[in-house]
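Worksheet: one structure, shown below.
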Amino acid sequence: MASWTSSQFLYEETKPVGIQFVERFKRSGRLSFKQYQALVFILTFVAYIAFHAARKPNSIVKGTLSASTVKGGWAPFDGPDGPALLGQIDLAFLSVYAVGMFVAGHLGDRLDLRTFLTIGMIGTGFFTALFGFAFWADFHSFYYFLAVQVLAGWFQSIG
């Protein structure tokens, strides 16, 4: 039987879909163990960069939503209680994120980590995009933004 350090081990088990995709573009059709290690390292690094970068758009957009901008802000955040509403959304996001980190840690120990992180990445991207979608759909509901941020906090806690 092959050991963990042997490249033969990678081909005795069912290969992940991503590895099969990469190997289609390689002439020999197989990745060496070192190439496999490098690919896993790069993909993990990029995935965590994406997770952390997905937390930034909301803090950038908050300045545009408030009434202090030239265009007057975005309802319901352009009124006198706009900063308080933005604070409530931040509080909801950070609360769910903090609790979610604890829960996701326990779930990550018990579930298939590859699937769990994939769900977290897809959910994070989806809810980050939904926050920006409010502009195109002309949504002005505080509860829409609150729900999107709560769900974004849950999915971002996975990563």
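Derivation of every value follows stated rules applied to the coordinates shown; laboratory data play no part. Quick caveat: nothing in here was measured; it's all calculated off a predicted structure. Note that we place each Cβ from the backbone using ideal geometry, even for glycine, and neighbour counts take in every protein chain shown.
Along the Cα-to-C-beta direction of Tyr48, a point sits 7 Å from the Cα; which residues of the stretch 110-153 have their amide N less than 15 Å from that point?
Hits in the stretch 110-153 for Tyr48 at 15 Å: 117.
As a check on your grasp of the helix formula, calculate [θ] at 222 nm for the chain: sum -39500 (n - 2.57) over DSSP H runs of n ≥ 4, divide by the residue count, round to the nearest 500.
The helix-only estimate for the chain comes to -23500 deg cm²/dmol at 222 nm.
Just give me a number: lysine pairs in the chain, eight or more positions apart or cross-chain, with C-alpha atoms less than 19 Å apart.
Number of lysine pairs found: 4.
Quick check for me: using +1 on Lys/Arg Cβ and -1 on Asp/Glu Cβ, what's the dipole size of the chain about its Cα centre, in debye to the nearest 20?
Details: 12 positive and 9 negative charges, 141 e Å.
Dipole about the Cα centre, nearest 20: 680 debye.
For the stretch 81-132 and the stretch 37-64, write down the distance between their C-alpha centroids in whole Å.
Going from one Cα centre to the other spans 13 Å.
Taking N as the number of residues in the stretch 12-61, what is its alpha-carbon radius of gyration divided by 2.2 N^0.38 Å?
For the stretch 12-61, the normalised Cα radius of gyration comes out at 1.57.
What is the fewest-to-most order of Tyr48, Tyr97 by other Cβ atoms lying within 10 Å of their Cβ?
The fewest-first ordering by Cβ neighbours comes to Tyr48, Tyr97.
Let a ≥ b ≥ c be the square roots of the eigenvalues of the Cα gyration tensor of the stretch 72-159; is it rounded (a/c under 1.5), or, if not, prolate (a/b larger than b/c) or oblate?
oblate
Quick one: length gained pulling Ser28 to Lys62 fully straight, 0.36 nm per residue minus the C-alpha distance?
Values: separation 34, 0.36 × 34 = 12.24 nm, distance 5.03 nm.
Computed gain between Ser28 and Lys62 is 7.2 nm.
On a full-extension model of 0.36 nm per residue, what is the gain between Val99 and Phe135, subtracting their alpha-carbon distance, rounded to one decimal in nm?
Result: 10.0 nm gained on full extension.
Distances over 22 Å make up what percent of all Cα-Cα pairs in the chain? Intermediate values should be presented prior to the final figure.
Working: 6841 of 12561 pairs.
Cα-Cα pairs in the chain separated by more than 22 Å: 54 percent.
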